[in-house]
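Please read the structure below before turning to the comments.
The values are calculated or read from the model by the stated rules, or taken from the named source; none is laboratory data. Computed from a predicted structure; not experimentally measured. Here the Cβ positions follow ideal geometry from the backbone for every residue, glycine too, while neighbour counts run over all protein chains shown. Remember, those area values only see protein heavy atoms, side chains included, never the ligands or the DNA or RNA. Shrake-Rupley method; radii C 1.70, N 1.55, O 1.52, S 1.80 Å.
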Amino acid sequence: MRLPLFASLAVALALPAVLLAGAAPAAALPLPANCAVARAAPAPVPGGAAARDYRLRLAGGADAPSLRAGLVTIRGGDGAAPETLPEILNAASVGLLGALSGRHAPGCSTEYFATALQPVLRGLAAGRAYDVAWRGVEAVSGRSRLSMGMLRLHLEGAPPGMQPGVSMTMSLEMHGLRDDGAAVPAALLPEDARSVVSLPVSALAPLLAATAGGPVRPVAVPVTIRTLTAAHGDMRLDGSFMAVVTGLPDGASASGHMRMRNLPELIAALRDAGQTRASAALVLANLVGHHADDATSWDVDWQGGILTVNRIPLPLR
């Protein structure tokens, strides 16, 4: 079992994007055929750019994961030529869909992302910032039909204390998250989630390829998850981690600190959903955790597909 939403959805999803400009009718957008297909209708917006009815599907046929957004808007950037903006939007959305679905497409390679994101990479190296928002989002993969009122990304180069032209930070916010396909019980989905991640600018294309492409050669992308929050009702998860993303579920690693408010509610929700193994693991985590008021905290480590909490491995599978 994957850690329910609080841990799995609020991962280091951080995907840069700049958007489509122009006034043409809905049209196919350029993408490698063995990566994905996409369509959108441009829509002018004051002070930025926008696209309506954006649709993207990973390669693999009619049942492959798909993403739809009623409206996408973008502000900031480095004055990229309009003809490059559809490619940048596609690259960002492919990485996002790969992260949400856990599915890969072989044509979504590091080389593809590096080429499509050149305008963003140049802007980040110069210290510029980008802000993009997907509204009315639906991501479909198998029985899961995740929807969000808004997904917002902020991207900027050279944060305080980091090397200009080399480092960058990304923040991703999800609001109004639910699974309309009922593949995941509602009580286990965070209604709102946010992550702030730091990483080298040069690691951006490999990170997206590891997320959506399933790299054909080994990659190891170092990221610092500076803050991670996910909330559902009275339940709230906070954390910070150092991690290495590889594109393989058991190849990634992370270590850091987590704090969960009202953990007994999450355990009860897992039991009600029939997730007995996971609920038993969290009962054990509750026993070994540090308790203060209504919160439980731990030092955690993820290595080789095994989650260790305060040096005790938990049976999540």
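Structure summary
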quantity: Accessible solvent surface per residue of segment 186-317, calculated while the other protein chains remain in place, 1.4 angstrom probe, Å²; calculated: 47
quantity: Length released on extending from Q118 to R143, taking residue separation times 0.36 nm less the Cα-Cα span; calculated: 5.5 nm
quantity: Net length gained if the chain between R103 and A220 were fully extended (0.36 nm per residue, minus Cα distance); calculated: 40.3 nm
quantity: 3J(HN,Hα) from dihedral phi, segment 98-107, Karplus parametrisation 6.51/-1.76/1.60, rounded to Hz, x for glycine, proline; calculated: x, 5, 6, 9, x, 9, 10, 10, x, x
quantity: For R128, distant residues with modelled amide H under 5 Å away; calculated: G157
quantity: Nonlocal amide H pairs with A43, under 5 Å, H built at 1.01 Å; calculated: A50, A51, R52
quantity: Separation in nanometres of the label points that stand 7 Å from Cα toward Cβ, at D53 and R277; calculated: 4.4
quantity: Virtual spin-label span in nm between S202 and A41, 7 Å along Cα→Cβ; calculated: 4.4
quantity: Label point distance in nm, R311-D234, each placed 7 Å from Cα along Cα→Cβ; calculated: 3.4
quantity: Contour minus Cα-Cα distance for A186 and E265 (0.36 nm per residue); calculated: 27.1 nm
